[in-house]
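The values are calculated or read from the model by the stated rules, or taken from the named source; none is laboratory data. Fair warning: this is a prediction, and the values are worked out from it, not measured in the lab. Methodologically, a virtual Cβ is constructed for each residue, glycine included, from the backbone with ideal geometry; neighbour enumeration extends over all protein chains shown. Note: accessible area is taken over every heavy atom of the protein model, side chains too, but ligands, DNA and RNA are not part of it. Shrake-Rupley method; radii C 1.70, N 1.55, O 1.52, S 1.80 Å.
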Amino acid sequence: MVKRKSVPSELKGVLNSKLLEIIPFNIAVIDRDYHIVTANSRFESAFGRWKGKKCYEAYKGRSEPCRTCRALKSFDDGKERIMDEVGLDRVGRRAHYLCHIAPIPRPDGKISHLLGLSHDITDSKDLEREFNIFFERVPCYITIIDRDYKVIKANHLFMETFGNPIGQYCYKIYKRRSTRCPNCPAAKAFTDGMTHSAEQVGITKTGRNANYVVTTSPLSRDEEDIQHVIEISTDITEMKNLEREMLDAERLAAVGQTVAGLAHSIKNILMGLEGGKYIVSVGMKKNDKEMISQGWEMLERNFDKTTSLVKDFLNFAKGQLPEVQMIDPNSLVREIVDLYKGVAAQAGIELRAELRGELKKAPLDPKGIHTCLTNLVSNAIDACQMSDHKDRMVLIKTLEEKGKLIFEVDDNGRGMDCDIKRKIFTTFFTTKGGGGTGLGLLTTRKIVQEHGGMIAVQSRSGKGARFRIELPRKRLMALLDKDKMTVVENKQALEKEIL
């Protein structure tokens, strides 16, 4: 039978009080031989009967002292220690607890006992373990940054993609920048305590461009004391690549859909040239100057049409990306109105603009959109001139609907029937006789598609027409990102050449 250790007289005053029962921790006192000399009821509820046991028996069910016993060090140096330990509870289940040990000195200064306070954190550790599993396995880039924008924690996927960021500035590890990003969503989260999202382009550790959507959120509900922000980023590089491929396919389709029409148009012109040549030949044989003049006129007319067609088609067939820049759509429309207002007035047509106020700037190719609008306005003026209406009018509008930038050109000209509407965007069709090549609207559609948008028409014969260009802002931003990526790629290539 193990003899119970007696409590030294200098400890009895403290240990016999109700203090140990009031303190909300598991409390045990051990001597230098690891014997538990006393413990409170909380300790017994957690680890079972302790009398006659040594600390490693009660805490961990061991038959010998722990290999790295930190309590022994406290006996030697008199320092307090906090330990994160794993043991067994009273029914033998694994328990995680936080233990704080404090030396109890005797009057002569020597330490004969230690006071151990422990608290069960098993549930917290389970939650922490689950969180760490989630943190590491979630298919997103996750970082936690402090108010200096330094990364203090990152998951495995982020490190695998961008490198080890711990202690580095987020903008440096994400984008190889030396200064904070403009319109930083993390900065907004630090400022207002709200969640913010943004599309970004970063650079991986292998130098590859990466598109991602980042969402930032403060790790505190106190807006005045936000010390950390979590950034969760989803890689959308593949989606962006597919989007760019789709835009390229649409641009190529805009050219391909007209190839058959080109052959037909050339055939008609060749027939005109052959007819002119025949009349000239016959006129020369008969020495008929009038017939020669008639044939020569046919040759000149079809030659000019051939030249115009080839030039227009070469311009139409260019497959280059728009050279976008942030511009004010309303300013672009005002330029068109100023350009055509005099021409329209001479024809007795009112040309005016109806612009949406405070319209945000958009990434547009100013030359391309200028070409689209001038084509539409020019056609609208021609349609009005062919109309019998007294109050003839052409109206250009700008709108914003459901994330789309919209241009509309309305006229009250002669309009179009269903057959004409069906042809205008698919063949080299023109209602201007020999005065047009039929490429104006095809070129307009091509430029609109190069911007990731679409063009449609509403019209009835004798009731005018409305052409509507819709440009989704997300697609316009993709073009801007493409330009940025091209700049980055060119810069990287130049740096490699220099090195």
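The set of residues from region 102-123 being touching a residue at least 12 places away in the same chain (Cβ under 8 Å) and more than 51 Å from the chain's Cα centre (by Cα) comprises Ala102, Pro103, Ile104, Pro105, Arg106, Pro107, Ile111, Ser112, His113, Leu114, Leu115, Gly116. On inspection, Asn40 qualifies as more than 30 Å from Lys153 (Cα to Cα), without any contact (Cβ under 8 Å) to a residue 24 or more places away in the chain and either open to solvent by less than 30 Å² (accessible area, probe 1.4 Å) or aromatic (Phe, Trp, Tyr) (or both). Test Glu245 against the stated conditions and say whether it is in contact (Cβ under 8 Å) with a residue 12 or more places away in the chain, open to solvent by 70 Å² or more (accessible area, probe 1.4 Å) and not in a loop (DSSP other than H, G, I, E, B). So Glu245 does not fit the description; no.
Matching residues to (1) buried (at least 17 other Cβ atoms within 10 Å of the Cβ); (2) more than 16 Å from the chain's Cα centre (by Cα); (3) not aliphatic (A, V, I, L, M):
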{"site": "Ser178", "(1), (2), (3)": "no, yes, yes"}
{"site": "Ala186", "(1), (2), (3)": "yes, no, no"}
{"site": "Thr191", "(1), (2), (3)": "no, yes, yes"}
{"site": "Lys205", "(1), (2), (3)": "no, yes, yes"}
{"site": "Leu219", "(1), (2), (3)": "no, yes, no"}
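Considering region 277-329, and only residues there that are open to solvent by less than 60 Å² (accessible area, probe 1.4 Å) and of a type in the set (Asp, Glu), the residue that is modelled with the highest pLDDT turns out to be Asp328. Would you mind stating whether Lys360 is in a loop (DSSP other than H, G, I, E, B), out of contact with any helix residue (DSSP H, G or I) (no Cβ under 7 Å at 6 or more places or on another chain) and in contact (Cβ under 8 Å) with a residue 40 or more places away in the chain? So Lys360 fits the description; yes. Show the residue pairs meeting these rules: Cβ distance below 6 Å; 6+ apart or different chains; first residue within region 173-198 and closer than 17 Å to Ser233 by Cβ and of a type outside the set (A, V, I, L, M); second residue outside any loop (DSSP other than H, G, I, E, B) and open to solvent by 80 Å² or more (accessible area, probe 1.4 Å). Hits for this filter: His196/Lys188.
In region 222-239, the condition of being among the charged types (D, E, K, R), open to solvent by 30 Å² or more (accessible area, probe 1.4 Å) and modelled with pLDDT of 85 or more is met by at least one residue. Would you mind stating whether Lys18 is surrounded by fewer than 19 Cβ atoms within 10 Å (Cβ to Cβ) and either at pLDDT below 85 or aliphatic (A, V, I, L, M) (or both)? So Lys18 fits the description; yes. Does Tyr149 satisfy the condition of being at pLDDT 90 or above, over 19 Å from the mean Cα position of the chain (by Cα) and not aliphatic (A, V, I, L, M)? Here the answer is yes, as Tyr149 does meet what is asked.
If you go through region 23-75 and keep only what is among the charged types (D, E, K, R) and under 59 Å from the mean Cα position of the chain (by Cα), you end up with Arg42, Glu44, Glu57, Lys60, Arg62, Glu64, Arg67, Arg70, Lys73.
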